[in-house]
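Peer 1: So that we are looking at the same thing, I have put the structure below in structure tokens.
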Amino acid sequence: MKKVLFVIMAALILTGCSRLESIPYNPPQTPESWLTIQPYLQLQIGSREILVIQPSTSAIVYLLGVIAIAAGLNFFYTRNNQSSRLWWGLALLLWGLGALLAGTSYEAFSYQIKCAGREVCIWTSWWEILYLALSVASVDAMLIAEAYSCASGNLRRGLIRYAWLNFGVYLAILLIGSLVPVKFLISFELLVLVLAPNVILFLILNGRRYARLRNRMDLVLLGVWGWLILTIGAYFIYYLSGLTQRLWARGFWFTENDVLHIGLILWMAYIALVAARWIKDEPLAI
């Protein structure tokens, strides 16, 4: 874990010195136009004025972060020497921290981070780069948790090695995308593509075990992955529909990110209230 933290810190330092600011927002936005394409709230704190962008969306994603962190801490508290529960706790903690970073840069304080003092707003920031890294680290931690719950022997070791390799390769891609920079390499779309094999592995592991053993843990974990797939699918369907712009033209703000985050809040609730009761280390291999 010390090595992982060192790599992440090194990534932050390098990214902070990168050319991220050379990637413009598309379509180009000035600080003035940034405030016309989305709702915002003006807060006066002492002599300083703070603009909170997309207040409702920000509240939803921050709530997701808090719920995920609370669920992760509960896994730590109820660990009972189970390695799978330890890794689930770490996974949810990382997910929650990533959500807080995403809410800060994509929504709540995006104006201060991306637009204030600039002629043209930038597309991304180091806050979002760290969010991407934490998201992949979170799902790879879930894969390690799955290895302890659903595999043994060589299969377990292989899954754990794959999880670490996947995170390392993605971190290298993220750094290249930040330093060159290459927009697609630091995009949410690539994040989904990188994590797709993990989700497929989850479905195979729990699906085959449930077919053989009729284990309740595998059934509830299939529910976890099924709900995640539905949530991401709903996000892309809403995104491609263009409903965000049409609703905002009528003065109503509800985006594809709201669809994603509400779905993930329900997902986290299912993990914390249902799946957490059944997750444990399992010596049986599939």
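Peer 1: Just to be sure, is PHE252 over 22 Å from ARG156 (Cβ atoms), of a type outside the set (Val, Ile, Thr) and out of contact with any helix residue (DSSP H, G or I) (no Cβ under 9 Å at 6 or more places or on another chain)?
Peer 2: The answer is yes for PHE252.
Peer 1: Hey, LEU174 hits all of (1) touching a Cys at 6+ places or on another chain (Cβ under 9 Å); (2) in contact (Cβ under 8 Å) with a residue 60 or more places away in the chain but one; which does it fall short on?
Peer 2: (1)
Peer 1: So SER149 ticks every box in (1) in contact (Cβ under 8 Å) with a residue 40 or more places away in the chain; (2) in contact with a Phe, Trp or Tyr (Cβ under 8 Å, 6 or more places away or on another chain); (3) open to solvent by less than 30 Å² (accessible area, probe 1.4 Å) but one. Which box is left unticked?
Peer 2: The one condition SER149 does not meet is (2).
Peer 1: Residues in the stretch 159-166: is at least one surrounded by fewer than 23 Cβ atoms within 10 Å (Cβ to Cβ), closer than 16 Å to VAL192 by Cα and under 17 Å from the mean Cα position of the chain (by Cα)?
Peer 2: yes
Peer 1: Return the residue satisfying two criteria in turn: it lies in the stretch 29-49 and is at pLDDT below 90 and of a type outside the set (D, E, K, R), and of such residues it is surrounded by the most Cβ atoms within 10 Å (Cβ to Cβ).
Peer 2: LEU43
Peer 1: Which condition does SER56 not pass, out of (1) open to solvent by 70 Å² or more (accessible area, probe 1.4 Å); (2) touching a Pro at 6+ places or on another chain (Cβ under 9 Å), if it passes all the others?
Peer 2: Here SER56 meets the rest and fails (1).
Peer 1: I would also like to ask the following. Being farther than 15 Å from TRP267 by Cβ and not hydrophobic (A, V, I, L, M, F, W, C) is the filter; apply it to the stretch 67-82 and report the residue that is most open to solvent (accessible area, probe 1.4 Å).
Peer 2: TYR77
Peer 1: Looking only at the stretch 102-125, count every residue that is surrounded by fewer than 22 Cβ atoms within 10 Å (Cβ to Cβ), among the hydrophobic types (A, V, I, L, M, F, W, C) and closer than 22 Å to LEU264 by Cβ and tell me the total.
Peer 2: The qualifying residues number 1.
Peer 1: Follow-up. Scan (1) open to solvent by 10 Å² or more (accessible area, probe 1.4 Å); (2) under 30 Å from LEU20 (Cα atoms) for the single condition ARG85 breaks and write down its number.
Peer 2: (2)
The values are calculated or read from the model by the stated rules, or taken from the named source; none is laboratory data. Owing to the predicted nature of the structure, the values given are computational and were not obtained by experimental measurement. All Cβ positions, glycine included, derive from the backbone under ideal geometry; neighbour counts span all protein chains shown. Calculation scope for accessible area: heavy atoms of the full protein, side chains included, ligands and nucleic acids excluded. Shrake-Rupley method; radii C 1.70, N 1.55, O 1.52, S 1.80 Å.
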